[in-house]
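Following: one structure in structure tokens, then a few remarks.
The values are calculated or read from the model by the stated rules, or taken from the named source; none is laboratory data. Note that the structure is predicted; figures quoted are calculated from it, not measured. Here the Cβ is made from the backbone with ideal geometry for all residues, glycine too, and neighbour counts use every protein chain on show.
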Amino acid sequence: MTFPPTARLRGVCGLAVVLVLWVTGTDAQTTGTVRGSVADRNGQPVPGATGSLEALAAGGSRHETSTDDTGRFQHTELTPGQYSVTAEKDVIGGQVVRVLVHPGGSVDVRFVLEPGHAPAPWLRARPGTQARVAAFEAGVRATRAGDFENAIEQFDAVLQMMPTCVECHFNIGVSYGRLDRFGEAETACRDALRIRSDYAAAYYGLADIYSRQDRTEEAAAAGGAAAENIDVEIWNFSDMDRWIQITDLNCDTVLYQDKMEAQARFPYSLCADESGKAKLKFYLRVGCSKNKTIIVEDIEDGATIDF
């Protein structure tokens, strides 16, 4: 039996994920298995964590179970295809990763959960998210045009499809702030922080809201909380979908690892180095012999990085 190399991935927000794939049994087997093990950052098993699995094909099934006393869970008799696998538990944290199940195959996923870090919502989503992307981009256009009421409607529409869209809550807060509806703006920013506690853009939003109301101490506190991160936008400017791995080199974290839709834009909060700059690595899979790695250094807050 031949085992492919084990690939160690640093997941979004500090999660370590290890995937090991091997084929078992005979060619007659038509279903597969996903096994998961969940530990905290100290290496201790996490019993009672939710281990869920969702098929990414249209109309696909969803399975959910809990980890046992050893922090393990298992889903069997799975139809071959691509799945999102999620492990999460209350304040301990959570993460999601995509796997491919082959007929007669077994996939092992090892999760290491970090407190305060929630699963990346785009990895949970099924492919074919054109409606969500279209609404989000319409919201961005409306914001830039100063049509803030329409922007709020568009981002609300995305939230109906993806309630954990942290960027939607933040952009709603921005629009409410431009309309001087400070209470609703503050609520929207805090909704973003409930989903992702280290989302620096929301802290900056709160700082602006407080400053415009002469709440100077609260503005200073919110600004200080935001200063540890660098907010950027990453843009696939190509007219083609492209598979890419994006790594934050300052904190050794894989931010994204999957196919990114053409013209897709995603905001990220990056780790700053001692000089206050960020550093990213892009690995693009463009063919068996044409893969390439791009290093982008000295990234400043507010930058747009295209590839």
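For the reader, a short list of remarks on this structure follows.
- Listed conditions (1) under 20 Å from residue 206 (Cβ atoms); (2) out of contact with any Lys or Arg (no Cβ under 8 Å at 6 or more places or on another chain); (3) at pLDDT below 85 are all met by residue 160, apart from (1).
- Filtered residue count, the range 208-236, keeping only those that are of a type in the set (S, T, N, Q), farther than 16 Å from residue 177 by Cα and assigned to a loop (DSSP other than H, G, I, E, B): 1
- Scanning the range 187-210 for residues that are surrounded by fewer than 22 Cβ atoms within 10 Å (Cβ to Cβ) and at pLDDT 90 or above gives 187, 190, 191, 210.
- Identification of helices (runs of 4 or more DSSP H) wholly contained in the range 131-207 with 3 or more residues that are within 21 Å of the chain's Cα centre (by Cα) and within 15 Å of residue 265 (Cα to Cα) yields 166-178.
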